[in-house]
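A.B. asks: Sharing a structure with you now.
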2 protein chains.
Amino acid sequence: MASSDVTIFICISCTAEGARVEKPGRALFDAVTAAADGKDGCTVKPVDCLAVCKRPCTIALSGEGKWTYVVGDLSPDTHAGDIVAAAVSYGASSNGIIPWRERPQAFRKGVISRIPPLSFKAEEQALTDRDDSTHRLRLG
Amino acid sequence: MASSDVTIFICISCTAEGARVEKPGRALFDAVTAAADGKDGCTVKPVDCLAVCKRPCTIALSGEGKWTYVVGDLSPDTHAGDIVAAAVSYGASSNGIIPWRERPQAFRKGVISRIPPLSFKAEEQALTDRDDSTHRLRLG
């Protein structure tokens, strides 16, 4: 059974050329932690490396029984609010797939990967596809 | 408690320029399914899109309570055996992090992302890092 809880993993090792701070990943973690304050069911966890590296800053949204989304190209200066809003939508979703209209622009363009939950069955895919415009866009 | 079971998710939509077949992702799924035949605890599941797209073919290794690894740049012609060998090592690991010496070359170079399990606590990171040379290499 899918839970309404959501975990935001944030890579605190991400560095970026031209960034205002030396550790933008750490700054993003601090900004998102502040923005998520008071949001029920929303947990923010620092991770030392999500192994994306080439598209900083990077986060992942995970929840019990749901698709995990890895998203990159995020900035601590502009995206903390978007990340928390997306996390709230993720928590409210049944499967982790955020409806396209609720997806911040950064999430529409920045998806690095998505991974099904262990409980995933291939025959559920048809429903998944209807919900996920990212999929349709990417496959043309 | 981490399980010895491992699930190999394979993106069956992956296409690749110059590939021998029209749907190399589907061919990779077929090849890995054949190679995994008889491997206890190893499940192969097709997924219509892992949203990596730019580095076909793409798979993910997942297991209960373990880090998930997304790996790209894989070929149905050469990598099915490597993928199953890596999956067996993954299943035998306590946390999903395959010891460097057991990691096929394709897995050393092809990591797209890694995501902690929901149970991850930041203080476990020190142990994680010692096990994962990918991390050290990437961070220089």
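A.B. asks: Highest GNM mean-square fluctuation, chain A, Cα pairs closer than 10 Å: which of A:L50, A:L74, A:L28?
C.D. replies: Residue with maximal mean-square fluctuation among A:L50, A:L74, A:L28: A:L50.
A.B. asks: Find which of A:T78, B:W67, A:S3 sits farthest along the positive direction of the dipole of the protein assembly as shown, computed with +1 on the beta-carbon of Lys and Arg, -1 on that of Asp and Glu, about the Cα centre.
C.D. replies: A:T78
A.B. asks: Of all alpha-carbon pairs in chain B, indicate the percentage at a distance above 21 angstrom.
C.D. replies: Details: 3699 of 9730 pairs.
Result: 38 percent of Cα pairs exceed 21 Å.
A.B. asks: Under 29 Å between alpha carbons: how many lysine pairs meet that in chain A, if sequence neighbours fewer than 8 apart on the same chain are excluded?
C.D. replies: So the count works out to 15.
A.B. asks: With θ set to phi - 60° and the Karplus curve 6.51 cos²θ - 1.76 cosθ + 1.60, what are the ³J(HN,Hα) couplings of the range A:60-70 in order, to the nearest whole Hz, using x for Gly and Pro?
C.D. replies: Ordered by residue, 3J(HN,Hα) equals 9, 9, 9, x, 4, x, 10, 4, 9, 10, 9 Hz.
A.B. asks: Over chain B, what is the mean sequence separation of C-alpha contacts under 8 Å (at least six apart), divided by residue count, expressed as relative contact order in percent? Please report the intermediate quantities before stating the final value.
C.D. replies: Values: 267 pairs, mean separation 35.5, N = 140.
Relative contact order of chain B: 25 percent.
A.B. asks: Now for a different question. Mind checking which of A:D73, A:D30, A:D40 has the largest fluctuation in a GNM of chain A, springs on alpha carbons under 10 Å?
C.D. replies: Highest fluctuation among the options: A:D40.
A.B. asks: Further, regarding this structure: How big is the Cα convex hull of the protein assembly as shown in projection, averaged over all directions, in nm²? Provide the component values of the computation, followed by the final result.
C.D. replies: Values: hull surface 56.9 nm².
The directionally averaged projection comes out at 14.2 nm².
A.B. asks: With both partners inside the range B:1-84, how many of the DSSP beta bridges are antiparallel, as a percent to the nearest 5? Don't skip to the answer; put the middle values down first.
C.D. replies: Values: 7 of 13 bridges.
The antiparallel proportion sits near 55 percent.
A.B. asks: By how many degrees, between 0 and 90 and to the nearest 10, does the Cα long axis of helix B:80-92 differ from the longest principal axis of chain B?
C.D. replies: Approximately 20 degrees, to the nearest 10.
A.B. asks: Roughly how many debye, to the nearest 20, is the charge dipole of chain A about its Cα centre, given +1 on each Lys and Arg Cβ, -1 on each Asp and Glu Cβ, and no other charges? Mind showing how you got there, number by number?
C.D. replies: Working: 17 positive and 17 negative charges, 79 e Å.
Using only the charged Cβ atoms, the result is roughly 380 debye.
A.B. asks: Just to be sure I understand: chains A and B are related by a rotation, so which residue of A has its Cβ closest to that axis, and how close in Å?
C.D. replies: Per the Cβ-to-axis criterion, the result reads A:S113, 3.
A.B. asks: DSSP loop trypsin sites (Lys or Arg not before Pro) in the range A:62-125 with at most 14 other Cβ atoms within 10 Å of their Cβ, which ones?
C.D. replies: Values: sites: A:K66, A:R101, A:R108, A:K109, A:R114, A:K121; in loops: A:K66, A:K121.
Taking the range A:62-125 and a limit of 14 other Cβ atoms within 10 Å, the loop trypsin sites (Lys or Arg not before Pro) found are A:K121.
A.B. asks: Among bridges DSSP assigns within chain B, what percent are antiparallel (round to 5)? Intermediate results must be reported in sequence, preceding the final value.
C.D. replies: Details: 11 of 17 bridges.
Expressed as a percentage, antiparallel bridges in chain B total about 65.
A.B. asks: Per-residue ellipticity at 222 nm for chain A, helices alone: DSSP H runs ≥ 4 residues times -39500 (n - 2.57), over residue total, nearest 500 deg cm²/dmol? Walk me through the numbers on the way to the answer.
C.D. replies: Details: 5 runs with 44 residues, N = 140.
-9000 deg cm²/dmol, from helical runs alone.
A.B. asks: Compute the length gained on full extension between A:R20 and A:E102: take 0.36 nm times their separation in residues and subtract their Cα-Cα distance, giving the result in nm to one decimal.
C.D. replies: Stretched fully, the A:R20-A:E102 segment lengthens by 26.6 nm.
A.B. asks: On average, how much area does the Cα convex hull of the range B:1-65 cover when viewed from any direction, in nm²? Could you put the intermediate results ahead of the total?
C.D. replies: Working: hull surface 18.6 nm².
Computing the convex hull of the Cα atoms and averaging its projections yields 4.7 nm².
Values quoted throughout were computed directly from the atomic coordinates according to the rules given, and no laboratory measurement underlies them. The structure displayed is predicted, hence computed values, not measured ones. Heads up, the Cβs are rebuilt from the backbone with ideal geometry, glycines too, and the neighbour counts pull from every protein chain shown.
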